[in-house]
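Chemist: A single structure is presented below for examination.
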Amino acid sequence: MNITYVHASKYGNGATVAKRFRDVMAAKGITVDVAHVRQADPQHLPPADLYVFSSPGRMGKPIGVARRFLRRVTLPAGTPYALLTTEAAPKPDKKSGQLPSAESLDRWQRVRPIMTELLDAKGLHKVGEDRILVTGLRGPLEDGWETKVDAFADRVVAVPGLLD
Ligand SMILES: Cc1cc2nc3c(=O)[nH]c(=O)nc-3n(C[C@H](O)[C@H](O)[C@H](O)COP(=O)(O)O)c2cc1C
């Protein structure tokens, strides 16, 4: 069983998340090959049982290098994939102290929806997604991020027929 994990980390947080995912999966007997988008050829990705794609957020979208990579990904229709992004934690409004509503966040923050649109348009099959938050624009990762990555790995492993 093996997973190819391609990320577009700029400041290192997404690379740290990828490493954790790789180590957690290794403990389950699953090999994860991690690469940065700049080191991977989207048209000749190595064979894998699952592809995980990860991008940091930029102005509500995946970072440009990730969008360009995902546009060029060539994999057979039906190939399973999952998304594990790093995104900025929502900030409370300076005046009201209130966090933005889920509705207004979803309007602005379209990192995973855009990644999903690009891959679903190729007939790929999403089996899971999550985001790990960073507390400042360049990090660090939120408290408890390791637990979130571990839970994501557990959910991926539990997808029927995927990695067993
Ligand atoms: C100019 C700039 C714009 C950003 N815009 C967003 C955004 O729209 N949404 C978001 O979730 N994160 C945004 N971020 C924060 C990134 O999510 C964060 O830098 C990234 O997750 C860190 O991951 P990395 O260390 O792997 O690059 C922005 C960061 C920068 C520097």
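The values are calculated or read from the model by the stated rules, or taken from the named source; none is laboratory data. Since this is a predicted model, take the numbers as computed values, not measurements. So basically every Cβ, Gly included, is an ideal-geometry build from the backbone, and we count neighbours across all protein chains shown. In case anyone asks, the SASA skips ligands and DNA or RNA and just uses the protein heavy atoms, side chains included. Shrake-Rupley method; radii C 1.70, N 1.55, O 1.52, S 1.80 Å.
Chemist: Of the residues in segment 18-51, how many are hydrophobic (A, V, I, L, M, F, W, C), more than 17 Å from TYR81 (Cβ to Cβ) and in contact (Cβ under 8 Å) with a residue 12 or more places away in the chain?
Modeler: Of the residues in that region, 1 qualify.
Chemist: Please work out if GLY12 is in contact (Cβ under 8 Å) with a residue 40 or more places away in the chain, of a type outside the set (A, V, I, L, M, F, W, C) and open to solvent by less than 20 Å² (accessible area, probe 1.4 Å).
Modeler: No: the conditions fail for GLY12.
Chemist: Something else now. Can you pull out the residues in segment 22-61 that are within 16 Å of the ligand (Cβ to nearest atom), open to solvent by less than 10 Å² (accessible area, probe 1.4 Å) and under 13 Å from the mean Cα position of the chain (by Cα)?
Modeler: Of everything in segment 22-61, those that are within 16 Å of the ligand (Cβ to nearest atom), open to solvent by less than 10 Å² (accessible area, probe 1.4 Å) and under 13 Å from the mean Cα position of the chain (by Cα) turn out to be VAL52, PHE53, SER54, SER55.
Chemist: Please verify whether segment 86-102 includes one or more residues that are closer than 21 Å to ASN2 by Cα, hydrophobic (A, V, I, L, M, F, W, C), within 14 Å of the chain's Cα centre (by Cα) and not in a loop (DSSP other than H, G, I, E, B).
Modeler: There is no residue in segment 86-102 that is closer than 21 Å to ASN2 by Cα, hydrophobic (A, V, I, L, M, F, W, C), within 14 Å of the chain's Cα centre (by Cα) and not in a loop (DSSP other than H, G, I, E, B).
Chemist: Now a separate question. Quick one: how many residues across segment 62-82 are over 13 Å from the mean Cα position of the chain (by Cα) and not polar (S, T, N, Q)?
Modeler: Residues flagged as over 13 Å from the mean Cα position of the chain (by Cα) and not polar (S, T, N, Q) within segment 62-82 amount to 12.
Chemist: Any residue at all in segment 129-152 that's more than 16 Å from the ligand (Cβ to nearest atom), open to solvent by 30 Å² or more (accessible area, probe 1.4 Å) and over 20 Å from ASN13 (Cα atoms)?
Modeler: no
Chemist: Using the structure shown, decide if LEU70 is in contact with a helix residue (DSSP H, G or I) (Cβ under 7 Å, 6 or more places away or on another chain) and under 24 Å from VAL37 (Cα atoms).
Modeler: Taking the combined requirement at face value, the residue satisfies it.
Chemist: If you don't mind, there's one more thing I want to ask. Which residue, of GLY161, GLY123, is among the small types (Gly, Ala, Ser) and in contact (Cβ under 8 Å) with a residue 40 or more places away in the chain?
Modeler: Result of the check over GLY161, GLY123: GLY123.
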